[in-house]
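Enquirer: For reference, the structure I am asking about is given below.
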Amino acid sequence: MITRLLDRPLPATILVVALLLVTAWGVSWSPRSIVVFMMFQGSILLLYFARMPTLVKAAVTLLALGVLMPVLGTINAYYMEIAIQVGIFVALALGLNIVVGLAGLLDLGYVAFFAVGAYSWAIFGSPQANLIFGGNFFPLGPWWFFVFLFVGVAVAAGAGILLGLPVLRLHGDYLALVTLGFGEVIRVLANNLDKPINFTNGPKGITPINRPPIFFAPLLQSVGIDPNPNVIYPLYLYALVLLIVGVTVLANRRLEDSHIGRAWEAIREDQTAAQAMGVPLVRMKLLAFACGASFAGTVGVLFSAKQIFINPESFTFMESIGVLAMIILGGMGSIPGAILGAAVVTILNLQVLKGLSLWLNELRNAGTVILGYNLTNLPTQLEPAKYERMIFGLILVLMMIFRPQGILPAKRRHRELEEERR
Amino acid sequence: MDFELLIGILPQVLLDGIILGFMYALLALGYTMVYGVLEFINFAHSEIFIIGAFVGVEILLSFKSAGWLDVLPWPLILVIIMVAGMAVSGVVAMVIERAAYRPLRHAPRLIPLISAIGVSFFLQDVIRLFESLWRNSFNLVYPTMDVLNHRFELTETIDVSVKSLVVIGAALLMLWSLHTLVNRTKVGKAMRAVAEDQAAASLMGINVNRIISLTFLIGGAMGGGAGVLFGVQYSLINPYTGFIPGLKAFTAAVLGGIGNVPGAMLGGLVLGLLEAFAASYLSLLTGGAFGAEYKDIFAFSILILILIFRPKGLLGEIVRERA
């Protein structure tokens, strides 16, 4: 019944808008209930499946993400944090989607590019750079943040080409292993480059990192809103994330349908045939690495500004696999898939597992007895919030066995995935 | 720079390198055997390895609480934990193959690799979950046995502990048995045949599925044995310890020529020695600017260089490419 409703524009619009408003009201009524917030997120998903005129859909999306979400974020600050994280991972997933999904190059060290972007702003947007160049010129002012969004693109793209050049001759699983090694190398470097010259401050990390300027503060004051940074920054960063995700989605869609995107897909399906048809392999593969990396670079700059503090712990192999799990869950080569996958995995990690942990702790502290077992005896080391790897692992194995094309498969069918199983 | 010092520590560095090298060699065998038969990187092998280490520590801890650790003769205890670790790891490897790899055997190449990465991550947290529930801690330490820690002084500066000798002896025994199995028995012949050409092997009456299972069993058992030895030698383990040694052992397998059993042994030894040298000399030679932490980068750089300039490895044949 629901699918039939969603197929007709008018009822679909009414249903989705009503659901959004009701669940949003539900969140404001019970701000700490994770279940209600998940229902709100669910109605956003429903919005994607609903069939309605493009303009109406854009308007409803704007209502959900541009109005309702910030309001809910001011009611419960943690929801804003989740929304920002989801945005960051959506952009990362879209970037990796270019490399893995479109060009078919399995990159297991993707987080390295994220790290490169993050460190580029962290070093220059904090007093850290003084230790490298001497003097007292740094940190660069908050305005430079916007410049560094582009510097991040350039540096990460450069790193992508640097990695791409030597490894392009490798195929399939060897390429995967080398990118994995590259990711580890970047992490070890970040961990150890505090001597002989202190670039990264080692495992202690860099802080404080400048945040973007609140250039619209006078405007807010003129309409009588107090520009308190603690309130403004989450909303501001959320807006920036939305902007970056928007640009990323747009770039992805344009790339996918361009001759570059088609060349990537040709390489993915059959490298030899693609070369025979005149696709310049080296240039296209390098381009895929550079494009994918550049998105990670920008998001990295934003990430370091959001965190104020970064250290190598944020850029482990697990993060690379996490992003990979996102696009595999959603569907390799599919933009809506990457977005959905990133949202689901991030929400699972930050919301469901954490919620489970808190709930278990409450039960334990209250000494609840379930089936004759007193939960106070539960081992203290058992924290569901720490089992991200189990989730990533299960996603990867189950998706590969039962649905390798993902939840929302790409429109252009992957011949590679559909290949007959002999 | 103190030249005397550099020469003085050389024998100790060599010894450390050889122990590390045998560890890598045992682990590399698991990668190389599976690659030889299926042309696929068994990413979960590092967890099979660490499962062996956990089986060993669990048995030792229960022996300790039962007070048997000082009563039973130490060689018997070592044999028990080795056999148990090898058995459990081998069976786990076989089960993984059946559950997560066999359904994907004819899928495109990247599909089973991604599945294997998933298995690896999943197993890490399964071990953690199990140990958290069972012992309320997942960082475990091998109980010390006094006999094993006894050290023979060879010269004033160089000594060798009993456990190092045990590790080297056990590793040599395992490598020799594997070599005999692969080259001198009928089963070994069948394994080589399956690696050469699965279709032709099955036409000759070889049960390919059973041989593949057997390959995982033997490779897993080697990994589990290496895990127990790792625990005996380095004491401290947690569910995530296996990852980096696994990666390096894979590097060793590639270095020696993947799919090639003697190559894996050679590659393991070479990599172990190189790493021991890097760990001890890098900081001495650069005046402390680059510490021992860079030994990881060293191993990965070797992997990258080998793959680019000599992908067939030191002893390998040219790797065939599957679509």
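Throughout, read-outs are computed from the coordinates displayed, never taken from laboratory work. Predicted model, so just to flag it, every value in this text is computed and none were measured. Counting neighbours? That spans all protein chains shown, and the Cβs are built from the backbone with ideal geometry, glycine included.
Enquirer: With no solvent and one equal point scatterer per Cα, compute the Debye intensity ratio I(q)/I(0) for the stretch B:134-201 at 0.14, 0.25, 0.26 Å⁻¹ and report its log10, rounded to two decimals.
Expert: Here the Debye-derived log intensity ratios amount to -0.72, -1.06, -1.09.
Enquirer: Could you identify which residue out of B:Val167, B:Val88, B:Val187 has the top mean-square fluctuation in a GNM of chain B using Cα springs shorter than 10 Å?
Expert: The residue with the greatest mean-square fluctuation here is B:Val187.
Enquirer: Looking at the stretch B:1-96 from every direction and averaging, what is the projected area of its Cα convex hull in nm²?
Expert: With every direction weighted equally, the projected area is 9.8 nm².
Enquirer: Along each of the three principal axes of the Cα atoms of the stretch A:330-404, give the extent in whole Å, ordering the values from largest to smallest.
Expert: 48, 22, 19
Enquirer: Right, something else. In whole Hz, what ³J(HN,Hα) sequence does the stretch B:145-154 give by Karplus (6.51, -1.76, 1.60; θ = phi - 60°), x for Gly and Pro?
Expert: Once rounded to whole Hz, the list reads 10, 4, 4, 5, 8, 4, 10, 8, 8, 7.
Enquirer: Give the cross-link partners of B:Lys248 among the lysines, using a straight C-alpha distance below 21 Å as the criterion and excluding same-chain residues fewer than 8 apart.
Expert: Result set, ordered by chain and number: B:Lys295, B:Lys312.
Enquirer: Here's another thing I want to ask about it. Apply the Kirkwood formula to the stretch A:140-218: the hydrodynamic radius equals the inverse of the mean of 1/r over all pairs of different alpha-carbon atoms; give it in Å with one decimal.
Expert: In the stretch A:140-218 this quantity evaluates to 15.4 Å.
Enquirer: Run the quick spin-label model on A:Ala77 and B:Ser177: label points 7 Å from Cα toward the beta carbon, then report their separation in nm to one decimal.
Expert: Reported label-point gap for A:Ala77 and B:Ser177 is 6.1 nm.
Enquirer: Next up: Pop out the ³J(HN,Hα) list for the stretch B:270-283 in order, Karplus 6.51 cos²θ - 1.76 cosθ + 1.60 with θ = phi - 60°, rounded to Hz; leave Gly and Pro as x.
Expert: Those phi angles translate into 4, 5, x, 5, 4, 5, 4, 4, 4, 5, 8, 9, 4, 6 Hz.
Enquirer: What average number of partner chain Cβ atoms lie no more than 10 Å from the Cβ of the residues making up A:71-81?
Expert: 0
Enquirer: Sticking with this one: Give the dimensionless ratio obtained when the Cα radius of gyration of chain B is divided by 2.2 N^0.38 Å.
Expert: 1.02
Enquirer: Placing one identical point scatterer on every Cα of the stretch A:213-265 and ignoring solvent, what is log10 I(q)/I(0) from the Debye formula at q = 0.13, 0.17, 0.24 Å⁻¹?
Expert: -0.51, -0.63, -0.89
Enquirer: Let me ask you something else. According to the Kirkwood expression over distinct Cα-Cα pairs, how big is the hydrodynamic radius of the stretch A:44-179, in Å?
Expert: 18.4 Å
Enquirer: Multiply the residue separation of A:Leu5 and A:Glu362 by 0.36 nm, subtract the distance between their alpha-carbon atoms, and state the gained length in nm to one decimal.
Expert: 124.4 nm
Enquirer: Which order do A:Phe315, A:Phe49, A:Phe138, B:Phe138 fall in if you start with the one that has the fewest other Cβ atoms within 10 Å?
Expert: A:Phe49, A:Phe138, B:Phe138, A:Phe315
Enquirer: Suppose we take every Cα in chain A and form the convex hull; what volume per residue is that in Å³?
Expert: Value for chain A: 196 Å³ per residue.
Enquirer: Given that compact globular proteins tend to follow 2.2 N^0.38 Å, what is the ratio of the alpha-carbon Rg of the stretch A:165-265 to that value?
Expert: Scaled against compact globular proteins, the figure is 1.69.
Enquirer: Mind computing the radius of gyration and Dmax over the alpha-carbon atoms of the stretch A:70-142? Å is fine for both.
Expert: 17.3, 46
Enquirer: Can I ask one more? Around A:Ile2, with a cut-off of 13 angstrom between Cβ atoms, what is the net charge of the other residues, counting Lys and Arg +1 and Asp and Glu -1?
Expert: Net of charged neighbours comes to +2.
Enquirer: Right, something else. Given Cα pairs under 8 Å that are at least 6 residues apart, what percent is the relative contact order of chain B?
Expert: Once normalised by length, the contact order is 35 percent.
Enquirer: Further, regarding this structure: Tell me which residues come under 5 Å, amide H to amide H, from B:Asp159 once H is placed; ignore anything under 5 positions away on its chain.
Expert: Correct list: B:Leu154.
Enquirer: Relative contact order for the stretch A:1-132: what percent, with Cα pairs under 8 Å and sequence separation of 6 or more?
Expert: 18 percent
Enquirer: What is the extension gain from A:Leu193 to A:Ala251, computed as 0.36 nm multiplied by their sequence separation minus the C-alpha to C-alpha distance, in nm to one decimal?
Expert: 17.4 nm
Enquirer: Once you order the gyration tensor axes a ≥ b ≥ c over the Cα atoms, which shape class does the stretch A:302-359 get: rounded for a/c under 1.5, otherwise prolate or oblate by comparing a/b with b/c?
Expert: In terms of gyration-tensor shape, oblate.
Enquirer: I want to verify a result. In a Gaussian network model of chain A, Cα cutoff 10 Å, which of these has the top mean-square fluctuation: A:Pro212, A:Pro127, A:Pro227?
Expert: The residue with the greatest mean-square fluctuation here is A:Pro227.
Enquirer: How are the Cα pair distances of the stretch A:5-70 distributed, in percent, across 10 Å bins from 0?
Expert: In whole percents, the pair-distance histogram is 23, 54, 20, 3.
Enquirer: What are the radius of gyration and Dmax of the stretch B:184-323, computed over its Cα atoms and given in Å?
Expert: 18.2, 63
Enquirer: Aspartates and glutamates within cross-link reach of B:Lys189: Cα-Cα under 20 Å, excluding same-chain residues under 8 positions apart?
Expert: B:Glu39, B:Asp197, B:Glu317
Enquirer: Calculate one ³J(HN,Hα) per residue across the stretch B:293-310 by plugging θ = phi - 60° into the Karplus curve 6.51 cos²θ - 1.76 cosθ + 1.60, and present them in order as whole Hz with x for glycine and proline.
Expert: 4, 6, 5, 5, 4, 4, 4, 5, 4, 4, 4, 5, 4, 4, 5, 7, 9, 8
Enquirer: For the stretch A:285-422, build the convex hull from the C-alpha positions and give me its volume per residue in Å³.
Expert: Normalising the Cα hull of the stretch A:285-422 by residue number yields 172 Å³.
Enquirer: What is the stretch A:201-335's relative contact order, in percent, from Cα pairs under 8 angstrom and six or more apart in sequence?
Expert: Normalised by residue count, the contact order of the stretch A:201-335 is 46 percent.
Enquirer: Could you list B:Lys312, A:Lys411 in order of exposure, starting from the residue whose Cβ has the fewest other Cβ atoms within 10 Å?
Expert: A:Lys411, B:Lys312
Enquirer: Could you tell me what fraction of 2.2 N^0.38 Å the Cα radius of gyration of the stretch B:122-272 comes to, as a two-decimal ratio?
Expert: In units of the 2.2 N^0.38 Å rule of thumb, it is 1.28.
Enquirer: Working out 0.36 nm times the residue gap between A:Arg283 and A:Leu348, then minus their Cα-Cα distance, what length gain in nm do you get to one decimal?
Expert: This chain segment gains 19.6 nm when fully extended.
Enquirer: When B:Asp16, B:Asp159 are ordered from fewest to most other Cβ atoms inside 10 Å of their Cβ, what list results?
Expert: Going from least to most buried by this count: B:Asp159, B:Asp16.
Enquirer: Amide H to amide H, which residues 5 or more places from A:Gly333 or on other chains are under 5 Å from it, using H placed in the peptide plane?
Expert: A:Gly101, A:Leu102
Enquirer: In a Gaussian network model over chain A where Cα atoms closer than 10 Å are linked, find which of A:Asn361, A:Asn210, A:Asn230 has the largest mean-square fluctuation.
Expert: Among A:Asn361, A:Asn210, A:Asn230, the largest GNM mean-square fluctuation belongs to A:Asn230.
Enquirer: Something else now. Quick one: which of B:267-279, B:47-59 comes out on top by average Cβ neighbours within 10 Å, and what's the full order, highest first?
Expert: B:47-59, B:267-279
Enquirer: Per residue and in Å³, how big is the convex hull formed by the alpha-carbon atoms of the protein assembly as shown?
Expert: Hull volume over Cα atoms, normalised by residue count, gives 202 Å³.
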